[in-house]
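Below is one structure, written out as structure tokens; the observations come after it.
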Amino acid sequence: MTAISAERIKNIVSSFTSSSIMIIGDCMVDEYMWGEVRRISPEAPVPVVDVEEVERKLGGAANVVQNLRKLNVKPIIISVCGNDGNGRLLREMISGIDCQSDGIFQSDERPTTIKTRIMARNQQVVRADREVTNSLSKSEYEALWGLFLKNIGNVKGVIISDYGKGVISEPLISKIIETCITKNIFIAIDPKEKHFNLYKGVSIITPNLKEAYTMLGLTQPRSPSDEEIQELGWKLVEALSLPYLLITLSERGMGLFQRDGKIYSHLPTAARKVFDVTGAGDTVISVLSAAIVSGAVPLEAAVLANHAAGITVAQLGTAYVTQEELVGVCF
């Protein structure tokens, strides 16, 4: 792992303020119902949670927006929500973090995605998802493509946040990637395995180890060796013609692959404790992208992203880091 001077880190992070990044992907609301279990239901052998508090957070691509905004990057979101109460809540929450919500198209053809987690003493009892995962309809595609064209001239980079809820689908994704490559605009993808063939030629993708194996149609060994991980990574780099690939390795940290020169860099985990990995991938791609469009080389950006992930996995639910926290945790 490379060492970065304090001055270099501060210069990179301070440059976030002048950077703007477009986020395209599946926005959702993460709902948490907190309570206590004091009895078993007489209707079935299941615990009864007495709900004491309900909390709603930005999820999916909306959490990437939040992560960037907390870093003082200007985010521009392109997504779709339902023309419903949860959709209005989502847009209000986006506006509440000082980000424009007019890039979220309100559709009459699908509901807003909401994931409800019922929690008892910090333990998740069950999760209920309300969603439609069909690919975009013609009207939804045309609306999002128009919003992309309207805003692409105002950003330094693009993040595609693929949660498999329908936004990232043909022909939208192919036209977006083609446009970014033609205009030499940095584009990073937090991928979904089933869309493997759509990502060819982008600047970088950030799968976890399971996703990386699944993309290539392989079964992940129980504890793959470093050599096996490197072999896997180079296969992905070759298959997708990637300049860079970052594989997150959970407690083992991250592995960065650079196509030019065939350079592999392993970054040991910066996490001191792991409480909840929800949203950690959002933090990784947010910090990584913010750093690269602000002048960092990918290895420097990966080091910063690794430290940021170490902060968020120590918190419950979707989380984020600030500029001050990022600078502080690196020392």
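The values are calculated or read from the model by the stated rules, or taken from the named source; none is laboratory data. Quick caveat, the model's predicted, so the values are computed rather than measured. Note: ideal-geometry Cβ built from the backbone for every residue, glycine included; neighbour counts use all protein chains shown. Just the protein is used for accessible areas: all its heavy atoms, side chains included, with ligands, DNA and RNA removed. Shrake-Rupley method; radii C 1.70, N 1.55, O 1.52, S 1.80 Å.
Tallying residues that are β-branched (Val, Ile, Thr), surrounded by fewer than 19 Cβ atoms within 10 Å (Cβ to Cβ) and under 22 Å from residue 69 (Cα atoms) within region 97-118 yields 1.
In the set (1) within 18 Å of the chain's Cα centre (by Cα); (2) on the phi > 0 side of the Ramachandran plot, residue 58 fails one condition alone, (2). Of the helices (runs of 4 or more DSSP H) lying entirely inside region 127-244, those containing at least 3 residues that are open to solvent by 40 Å² or more (accessible area, probe 1.4 Å) span 138-151, 172-182, 226-240. Scanning region 245-265 for residues that are modelled with pLDDT under 95, open to solvent by 50 Å² or more (accessible area, probe 1.4 Å) and touching a helix residue (DSSP H, G or I) at 6+ places or on another chain (Cβ under 9 Å) yields 250, 252.
Matching residues to (1) free of Cβ contacts under 8 Å to residues at least 24 places away in the same chain; (2) aliphatic (A, V, I, L, M); (3) open to solvent by 50 Å² or more (accessible area, probe 1.4 Å):
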{"residue": "6", "(1), (2), (3)": "no, yes, no"}
{"residue": "15", "(1), (2), (3)": "no, no, no"}
{"residue": "18", "(1), (2), (3)": "no, no, yes"}
{"residue": "60", "(1), (2), (3)": "no, no, no"}
{"residue": "63", "(1), (2), (3)": "no, no, no"}
{"residue": "66", "(1), (2), (3)": "no, no, no"}
{"residue": "73", "(1), (2), (3)": "no, yes, no"}
{"residue": "77", "(1), (2), (3)": "no, yes, no"}
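Residue-wise test of (1) within 19 Å of the chain's Cα centre (by Cα); (2) modelled with pLDDT of 95 or more; (3) not small (Gly, Ala, Ser).
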{"residue": "179", "(1), (2), (3)": "no, yes, yes"}
{"residue": "184", "(1), (2), (3)": "no, yes, yes"}
{"residue": "187", "(1), (2), (3)": "yes, yes, yes"}
{"residue": "191", "(1), (2), (3)": "yes, no, yes"}
{"residue": "198", "(1), (2), (3)": "yes, no, yes"}
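Where strands (runs of 3 or more DSSP E) fall wholly inside region 1-91, the ranges with 1 or more residues that are at pLDDT below 95 are 27-40, 47-60. Condition check for residue 206 on (1) at pLDDT below 95; (2) within 19 Å of the chain's Cα centre (by Cα); (3) on the phi < 0 side of the Ramachandran plot; (4) of a type outside the set (A, V, I, L, M): one failure, at (1).
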